[in-house]
Structure formats: structure tokens, C-alpha cells
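**Q** Take this structure first; my questions come after.
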Amino acid sequence: TSIGSIVGSLLLFLTPAATFNWILPWLMLSATLIFIFGRTVTRWIETHTPAQGGISGAARAANYPAQFLIGVYGGFFGGGLGSLLMFALIFLYGFDFIKAAANAKFAELILSVSIVAIFIYLGKFDRQVVIPYTLASGIGGWFGALLAPKIGNIWIKRMFILVAIAVAIKLFLGN
């Protein structure tokens, strides 16, 4: 996944702003559709691939390519990176939403370190913006982690889908 994030970061650096602005709403829409329909696709794959050692053949076959592509996506776009990592855990390993969120955080940390290292090297890191932004996000994440088990999986999924669709629509209309 870290190798993919390095590739994605370099692709972003080489992509013109107009091209990125055109791609952005499609990335959001794709991530939302994967979340909505991914479970159905995964079930179909599971019925056609034998399991070995507690992890299905589909999960084993899809894991490394999926992690590389998630890394490329994370380095290029980053938006929804944690969600894509969660999708992989849900769809490849059958985790529930909250368990996937908890376990995706470590992978997201490793990816983020790789991506930040590339952007620092390329001179694109602005600590005056990033430090307060990161502190505020950390506080929000702390409260979100405390609140998520009380709200439950189904409501978190519904809120996620609603917000993701709204953001995709805004990006389509706003660009």
C-alpha cells in the first residue's frame, strides 16, 4: 500500500490542476458506488472462490492488488482513503463497519506517513495550515470514535452514503 501511495503522490504532482478538478467528482462518485454495491459483488466472488485458512480465496487473490490501488488512490487523491481501507476490510475480510474503521486507522497512518514524506520532499507541505487542521481533525476523530458505537453501524452507513453523495453532487456542480 505504501508503494502505491508513493506512485499516487507522484502522479498527483504530475497532473495538471484542470485534469484533477475533472477527475475529483468521479473519484467521489466511484468510492460511493463501491461502498453501496461492493458487498453484493463481494458475495458473488465469495461463492465462486474457495476459502483456505479462514480467509476466502477471493480475499487472498484481491488483497495485494486492492491495497496497491488504494495506495495509489490515497497518494493521488486522499479523500476517503480511510473509507477505502475500511471497504477493503469489510469486503475482503467481512469486518463490520466499526471494526473496519478501528483497524483501518493503522494502515491509514502508515499510508499518510508515506504520502506526507513525498509531499514534504516536493515542497508542498504547509505547516501553518496543516498543524491546526490536524489538531482539529484529531479532536473530531476522538469524539467520533466515542460516538460511533452508540450510533451503530446502520446509521453510520446511512450518514456516510448521504454525505458522500452530497459531496459528489457538489463537486460535479461546482467544478
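**Q** Any residue in the stretch 97-110 that is in a helix (DSSP H, G or I) sitting within a Cβ distance under 7 Å of a residue that is at pLDDT 85 or above and loosely packed, with under 14 Cβ neighbours inside 10 Å? List the pairs, counting only those 6 or more apart or interchain.
**A** From residues that are in a helix (DSSP H, G or I), the pairs are ILE98/PRO149.
**Q** Here is a follow-up. Out of (1) within 23 Å of PHE20 (Cα to Cα); (2) assigned to a helix (DSSP H, G or I); (3) basic (Lys, Arg), the odd one out for LYS124 is which?
**A** LYS124 satisfies all of (1) within 23 Å of PHE20 (Cα to Cα); (2) assigned to a helix (DSSP H, G or I); (3) basic (Lys, Arg) except (2).
**Q** Here's something else I'd like to know. Looking at SER9, SER30 in this structure, which one is at pLDDT below 85 and surrounded by 13 or more Cβ atoms within 10 Å (Cβ to Cβ)?
**A** On inspection, the qualifying residue turns out to be SER30.
**Q** Quick one: GLY141 ticks every box in (1) farther than 25 Å from SER9 by Cα; (2) free of Cβ contacts under 8 Å to residues at least 40 places away in the same chain bar one, so which box is it?
**A** The one condition GLY141 does not meet is (1).
**Q** Let me ask something else. Which ones in the stretch 91-123 are open to solvent by 80 Å² or more (accessible area, probe 1.4 Å) and either among the β-branched types (Val, Ile, Thr) or in contact with a Pro (Cβ under 9 Å, 6 or more places away or on another chain) (or both)?
**A** Of everything in the stretch 91-123, those that are open to solvent by 80 Å² or more (accessible area, probe 1.4 Å) and either among the β-branched types (Val, Ile, Thr) or in contact with a Pro (Cβ under 9 Å, 6 or more places away or on another chain) (or both) turn out to be VAL113, ILE120.
**Q** Further, regarding this structure: Name the residues in the stretch 46-96 that are modelled with pLDDT of 75 or more and in a loop (DSSP other than H, G, I, E, B), would you?
**A** Within the stretch 46-96, PHE77, GLY78 meet the criteria.
**Q** Sticking with this structure for a sec: Considering every residue within the stretch 152-161, establish whether at least one is open to solvent by less than 40 Å² (accessible area, probe 1.4 Å) and touching a residue at least 12 places away in the same chain (Cβ under 8 Å).
**A** yes
**Q** On to the next question. With respect to the numbered conditions (1) touching a residue at least 60 places away in the same chain (Cβ under 8 Å); (2) open to solvent by 60 Å² or more (accessible area, probe 1.4 Å), which one is the sole condition not fulfilled by ASP126?
**A** Single failed check for ASP126: (1).
The values are calculated or read from the model by the stated rules, or taken from the named source; none is laboratory data. Because the structure is a prediction, the values reported are computed rather than measured. Backbone-built Cβ (ideal geometry, glycine too); neighbour counts: all protein chains shown. Quick note on the areas: whole protein, heavy atoms, side chains included, nothing else; ligands and nucleic acids left out. Shrake-Rupley method; radii C 1.70, N 1.55, O 1.52, S 1.80 Å.
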